[in-house]
Amino acid sequence: MADNRLTRDLQTRETAQRAQQWVQPTGLPTPQPEEGYSFRWVRTALLGQFDPTNTSAKFREGWEPVKAESQPHMHVFSDPNSRFKGNIEIGGLLLCKIPKEFMEQRAAFYKKASADQMSAVDNSFMQQNDARMPLFKDTRTSVTFGSGTK
């Protein structure tokens with residue numbers, strides 16, 4: 001009975017492991033996180049044409065190009081013909097970073113601008129309201145079961 005068994009030496013872990021599965025590659029690699037910074041890919045070219053308007057607007061907003069030495073795992077992906085030497089640019093997109101407090105201030109600015117626009121639209125709409133023909137009719141419904149009397 002012991003002759004039919006395989007010795008432990010012949011059994012390997014590789015036969016028990018599941019086969020690896022294919023994963024769709026991402027278009028852009030993900031940078032290693034840095035404490036206190038947010039990352040974004042900024043467009044530097046569109047359809048092969050340099051886009052200085054977009055690039056300079058992002059730089060004025062506070063985005064700064066990421067140096068290749070700060071993200072060494074991404075250096076192999078960088079475009080050798082980049083206009084931004086020493087930085088990480090892939091297919092007309094430049095990896096940039098910004099302090100997280102700038103992003104929080106930006107989010108607060110756009111949240112307030114959106115709320116102000118909604119308030120202006122609501123005020124303009126409600127100016128047209130007339131009590132004789134209201135824009136909104138305040139109705140209440142109730143559901144009862146049976147006749148309600150005994």
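Which length gain, in nm to one decimal place, applies between residue 28 and residue 107 when the Cα-Cα distance is subtracted from 0.36 nm times their residue separation?
26.0 nm
So what does log10 I(q)/I(0) come out to for region 22-120 at q = 0.12, 0.13, 0.14 Å⁻¹, using the Debye formula with one equal point on every Cα and no solvent?
Here log10 of I(q) over I(0) equals -0.48, -0.55, -0.62.
If Lys and Arg each add +1 and Asp and Glu each add -1, what is the summed charge of the other residues whose beta carbon sits under 12 Å from the beta carbon of residue 79?
+1
Each value in this text was obtained by applying a stated rule to the coordinates, not by laboratory testing. It should be emphasised that the depicted structure is a prediction, and the values quoted were computed from it without experimental measurement. FYI the Cβ positions are ideal-geometry reconstructions off the backbone, even for glycines, and counts take in every protein chain you see.
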